[in-house]
Amino acid sequence: MSMIHTEALVRRFRGGVIAVDGLDLDVEEGELFGIVGPDGAGKTTTLRLLAAIMKPTGGIATVAGYDTVREAEAVKREIGYMPQQFGLYPDLSVEENLNFVCDIFGLEGEERRRRIDELLGFAGLSEFRKRRGGHLSGGMQKKLVLASALIHKPRVLLLDEPTTGVDPVARRQFWEMLSELHSGGTTIVVCTPYMDEAERCNRVGLMYEGRMIVCDTPAALKRMLPGVVLAVSVPPRAMIDAEQALRRLPGVLDVQAYGDRIHLIASGPEIRPELEAVLAAEGIKLLDLRPVPPRMEEAFIYMIRSRGS
Amino acid sequence: MLNRILNIAWKDFLHLWHNKILLVIVLLGGATELTLVGMATGAPIDDVRTVIYDADGSQISREMIARFEADETFAVTVADEPLPDDLNEIFTGALFGDDYIVAIDIPEGFGEELRAGRRPEVTIHLNAISALAATTARRKAEEILFYYGAEVAWPDVSRDELEAFEPQITVRYNEELDRAQYTTPSEAGFMLYVIAIGVAAFMLAREREFGSFEQLLVMPHHPMEILIGKAIPAVVLGYANFLLMLGVIHFIFGVPIRGSLPLLLVLALFYVLVELGVGFLLALVSRTQHQAVLLVMLVAFVDVAFSGYAAPVESMPPAMQTISLAFPIRHFLIILRGVLQKGVGLEILWPHVLALAALGLLINGAALLLFRRSLASER
Amino acid sequence: MRTHASNIIRHTFAIARKEIWHIIRDPISLFLVGFGPVIMLIIISYAFAVEVRDVPTLVLDLDRTEASRELIERLDATEVLDVIGTADDMSGVERAMDARMARVAVVIDRGLEAMFPAPSGDLLGMVAQLAALAQVGDRGLPVSYIVDGTEPISAETAIETAIKETNAFLVERARALLDMLPSSMQNLPEVQRAREQLETPIALEVITHYNPEEKTLWDLVPAMIAIVLTMPAMSVATVIAKERDQGTLEFLVATPAARLAILTGKMLPYVLIGVFNVLLMYLAAVGVFGLPFRGNLLLYVALMALYEFACLAIGLFFSIVIPNQEAALWVSLMFFLFPGFFLSGMFFPIVAMPLEMRMEAMSFPVSGGVFISRSLFLQGVGLDVVWWAVGILIYVGAIMLALSVLFFKKRIA
Ligand SMILES: Nc1ncnc2c1ncn2[C@@H]1O[C@H](COP(=O)(O)OP(=O)(O)O)[C@@H](O)[C@H]1O
Ligand SMILES: [Mg+2]
């Protein structure tokens, strides 16, 4: 039995928006599962359905073997949930926020003290015990919520964009924390808009318009990308013109600009002569052209684009 | 500039529009509240529970009981056993099953003595758990006893002759002494003010609580523009309430509009503008809506106390009378009653209009100053 | 099952503790909920409970005699009326009343002094005239009062005082004249009758219980205690809506805290604050305003805590069914505060209504609180008398809490 299991899960909102549209998902025990997708794809709604704080309008979901509708409170005992916004009390200090969660889960005395110390150390918040939640930086707030969600050692962690609005250093720290939890055996589902984060997961699902378009390991997902990825270098002033010119080229599936290079998803390397010809016709000098390994981001953008057309 | 002001105001109207419950409450709250108040206070105090023990049992005493029964003020029960020594037993319902407000003891030989002109003594016990009910009942009982006693004791003196012995009383402005005619204008002045300061205070406090105030601050607005923009919804809602309430006062509770309606409408608008500053001041000292509502309550209570809303200001200690002049609502209630019931105009009310103007400058000036300071500190 | 119950209790205390932290963290609110009620009680009681006195009174004296001056002095000497000046004619009276300079005007027409016989000469004729004075007949008394009715309650008191004083003035003057008669005449039936008619036909002994001087203050203070106790309900009306507004509700509902526990936990600190307020206000009532407290203090505090609970349950319900703080605040403000004033008994005494109507009125818990507070303060009664109001409070509180639990979904909208 998988740790998280959904079948044809649907959530429709008043007004007709279908935020989750027939989701079938299985997450195994101990897995680190990523859900990626653009804003409005239905990630938050999915997590809320799994956290048993929202009722599905169709289908079923079980978490740790409990039904999220009939056994909602049992689900809540098994999970740690981290909402997308800061979910803790801005007027309470770090310590008070944690104490409150301990109160709820009935952690007392020595055990409580040890657990709080441990989690504060884990989250790097030991020096900020007395600081009010509202006065923490964005990254520290996220770590505090994670620490709160971990108080009762949940078997399942549901994290909604835990690193959005967090600086790169704090992001890295955060993911180190997740890796540690993961190696400790906790099942983790994490929503993120960042593709590089998706690469750290065991498996990744791409959500788009309420559906999970693909779901596999990062490596397998990258292999799904047809053709090759070519990195094109042109003079900086010619970037925009070059991008437009390349887009019109037959056999090109997608074009993305990355700083001073343009990444091109093409059906094959044989596109090279045509490419050179097109750029020459526009009077753009080709500085460099070489194949590069595909990235997660490219794989997803390609999949979303090819679906949209 | 006008554009930017309207832009700010428009945002608040949108907020109200998306928040229908709020809209309904702040639009209809005043008139609803006023109607309830008028109905609750306009009812006459009658059927006061009264128990009478008649130790005499004569024709005369029975007739006197009949007079009490015939009067609307009393709902009479005739006791079949003497009143106890401890009247608590009557007033708490322990003895006769109902907690009576009045207990009347008619002594033995009452009829005989009254006819002989020997001034028999009747005892009235009042349960003053409510002073108003007790006072009302006492006054009525005194009247019944006097006229009935005179009828028996002085058969040659007619009622007309007795009444001529009393001074002539003319009641002006509210001829029937109808309490609703008093409470409803009070409530209108009060609600007009509460809605205006509440809307201003809660809306600003909400923005501060959720940080959207910061957004307002980074926009290229002059503080005046922000303040005016924020004022518009409060003024519009307060004033809309006032118009509705005026309708209720006049058409449902029959309070006359003896003076100039246009004058009243202008002065009411003026008054909202004065009180608005209070709303801003409250909003500026509170960081959350919770604080704002508690402050609004406190200020509303204090205002009610000093306004002549429920008790005549003249009866207060002199120091409080002086302090009361600093409360705009005090002046507005005088203006409101003056125009409605007395039919007077500016020739008489001008001192109060001047006072409102002075207070308005003071309060709004303070609000603007504080606003600038809080802008400076938040920027 | 037992673990379930103990979970609920644990969760209740967890939430209550957190709520106390919130309150402590916000010193302005802490001050306002902790001391606001007693401050309001004191201000309101000072201002409202002034007995009607010093009603500004203007004199138009056309008689200008010793008698008219005596009457005016008499009126001025009362607590209720305060003579502020004289007018020259009726238009002066009109102006003063319109401008609210005067709320009562006494107009003494020519002929007041002339009503009384000169104490000389024809003694029997004088007795006859005195007897006739008691029956001034068609001429009427040359004294009239004009009263501003815009404030009916004080106007009624002013009218009562005016009539009483005028009567007393006439009676005293007449009696003084009768006393001047030689003792040989005192036993004449005419004289006896004249004396008799100077008194009321029935001697009336009025004994006012609980509040012997019929002071509004005694009436008002216990009522206001109940009314200002609605202030914590205002705070509770914000609590759920606030969590929803600030996004913490999402974390809270994803924990296994029981619904009942979340709700009672949020109420608990405010019940305690209510009890603290009751004690403070009790001290103010007894210490500052000199009210008697005749009941059992312990019972009083317990019943007021129950009353507070009923009010809080209503505030909580508003907080749950109304989608945001701002609207929840308005609803509770309109529901509690403003109607509360009119139950203070200053305008309408609910106690004087028949029982069925009283029960109806008391489904609004503030009425029940006012009734219980007054009964215990002034009458010193116990549960045997107020049980039915207590029953209604329990009923309302339980229903509102049940509805709150029912409507409070541990889910996101
Ligand atoms: N409570 C709600 N009511 C109505 N529509 C909603 C609600 N929550 C989310 N939606 C809609 O559902 C869609 C998916 O939203 P969400 O799950 O928040 O996406 P994501 O987290 O991937 O950005 C969006 O179109 C959003 O507008
Ligand atoms: Mg989201």
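Data overview
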item	result
The stretch A:226-293, relative contact order [Cα under 8 Å, separation at least 6], %	49 percent
Equivalent ellipsoid dimensions for the stretch C:55-202 as semi-axes, Å, which come from the Cα gyration tensor, largest first	33, 16, 12
Residue-level accessible surface for C:Trp21, protein heavy atoms, 1.4 Å, Å²	40 Å²
Relative contact order of the stretch C:354-413, pairs being alpha-carbon contacts under 8 Å that are 6 or more residues apart, as %	35 percent
Whether the protein assembly as shown is rounded, prolate or oblate, judged on the alpha carbon gyration tensor where a/c under 1.5 counts as rounded	prolate
Ranked packing of A:35-43, C:99-107, most packed first, by mean Cβ within 10 Å	C:99-107, A:35-43
Where the protein assembly as shown is the region considered: accessible area per residue in Å², 1.4 Å probe	39 Å²
Neighbourhood charge, 11 Å Cβ-Cβ cut-off, centred on B:Arg139 and excluding it, Lys, Arg +1 and Asp, Glu -1	-2
Sulfur and carbon atoms: percent of accessible area, chain A [1.4 Å]	49 percent
Between the stretch C:50-75 and the stretch C:234-296, the Cα center-to-center distance that results, in Å	53 Å
Shielding score for C:254-262, defined as the mean number of other chain Cβ atoms within 10 Å	6
Nearby aspartates and glutamates by direct alpha-carbon distance to B:Lys342 (threshold 13 angstrom, same-chain neighbours under 8 apart not counted)	B:Glu175, C:Glu94, C:Asp98, C:Asp148, C:Glu151
Mean Cβ count within 10 Å, highest first, over the residues of peptides B:159-167, B:201-209, C:299-307	B:201-209, C:299-307, B:159-167
For B:Asp156, solvent-accessible area (1.4 Å; no DNA, RNA or ligand), Å²	100 Å²
Net charge, A:Leu150 excluded, C-beta distance under 10 Å - Lys, Arg +1, Asp, Glu -1	+1
Degrees, to the nearest 10: B:289-306 long Cα axis against longest axis of chain B	50 degrees
Local net charge near A:Met1, Cβ-Cβ under 10 Å (Lys/Arg +1, Asp/Glu -1)	-3
Intensity falloff of the stretch C:255-413 expressed as log10 I(q)/I(0), Debye formula with alpha-carbon point scatterers, at q = 0.17 Å⁻¹	-1.07
Mean residue ellipticity (222 nm) of chain B, computed from DSSP H runs ≥ 4 via -39,500 (n - 2.57), nearest 500	-22000 deg cm²/dmol
Convex hull volume per residue for the stretch A:226-293, taking Cα atoms only, in Å³	72 Å³
Shielding by other protein chains, B:3-16, mean Cβ within 10 Å	0
With all protein chains modelled, accessible area of C:Tyr145 [1.4 Å, Å²]	0 Å²
Estimated 222 nm signal from helices in chain A, with DSSP H stretches of n ≥ 4 weighted -39500 (n - 2.57), rounded to 500	-11000 deg cm²/dmol
Relative packing of peptides B:119-125, C:234-240, B:294-300 - highest average C-beta neighbours within 10 Å first	C:234-240, B:294-300, B:119-125
Other-chain or far-sequence residues with amide H under 5 Å of B:Ile52's (modelled H)	B:Thr77, B:Val78, B:Ala79, B:Ile104
Dipole moment magnitude, nearest 20 debye, chain A about Cα centre, only Lys, Arg, Asp, Glu C-beta charged	420 debye
Charge dipole (the protein assembly as shown, unit charges on Cβ, about Cα centre) - positive-most of A:Ile104, C:Gly368, B:Leu162	A:Ile104
Positive dipole terminus of the stretch C:144-190, leading residue within C:Thr161, C:Ser183, C:Ile146 (C-beta point charges)	C:Ser183
Average beta carbon contacts from partner chains per residue of C:91-99, 10 Å cutoff	3
Folded to 0 to 90 degrees: helix C:259-283 orientation relative to chain C principal axis, Cα	30 degrees
Whichever lysines have a C-alpha closer than 19 Å to that of B:Lys140, once near sequence neighbours (fewer than 8 apart) are set aside	C:Lys164, C:Lys215
0 to 90° range, to nearest 10: angle between helix B:2-18 axis and chain B longest Cα axis	50 degrees
Filter on A:Lys55/A:Lys142; A:Lys43/A:Lys142; B:Lys11/C:Lys242; A:Lys142/B:Lys20; A:Lys143/C:Lys266 - keep pairs with C-alpha separation over 29 Å	A:Lys142/B:Lys20
Given charges at beta-carbon only (K, R positive; D, E negative), |dipole| of the stretch A:95-173 in Debye	180 debye
Nearest-20 debye value, the stretch B:48-163 charge dipole, Cβ charges on Lys, Arg, Asp, Glu	260 debye
Relative contact order of chain B, defined on C-alpha pairs under 8 angstrom at six or more residues apart (%)	19 percent
Listed residue (B:Gly338, A:Pro269, A:Ala257) projecting farthest to the positive dipole end of the protein assembly as shown, Cβ model	A:Pro269
Per-residue ³J(HN,Hα) for the stretch B:53-64, Karplus 6.51 cos²θ - 1.76 cosθ + 1.60, θ = phi - 60°, Hz, x for Gly and Pro	10, 10, 7, 7, x, 8, 3, 5, 5, 5, 5, 5
Helix-derived mean residue ellipticity, 222 nm - over chain C, DSSP H n ≥ 4, -39500 (n - 2.57), to 500	-20500 deg cm²/dmol
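The values are calculated or read from the model by the stated rules, or taken from the named source; none is laboratory data. For clarity, every value in this text was computed on a predicted model and none was experimentally measured. In this analysis, Cβ positions are derived from the backbone assuming ideal geometry, glycine residues included, and neighbour counts consider all displayed protein chains. Please note that ligands, DNA and RNA were not included when accessible areas were found on the heavy atoms of the full protein model with its side chains. Shrake-Rupley method; radii C 1.70, N 1.55, O 1.52, S 1.80 Å.
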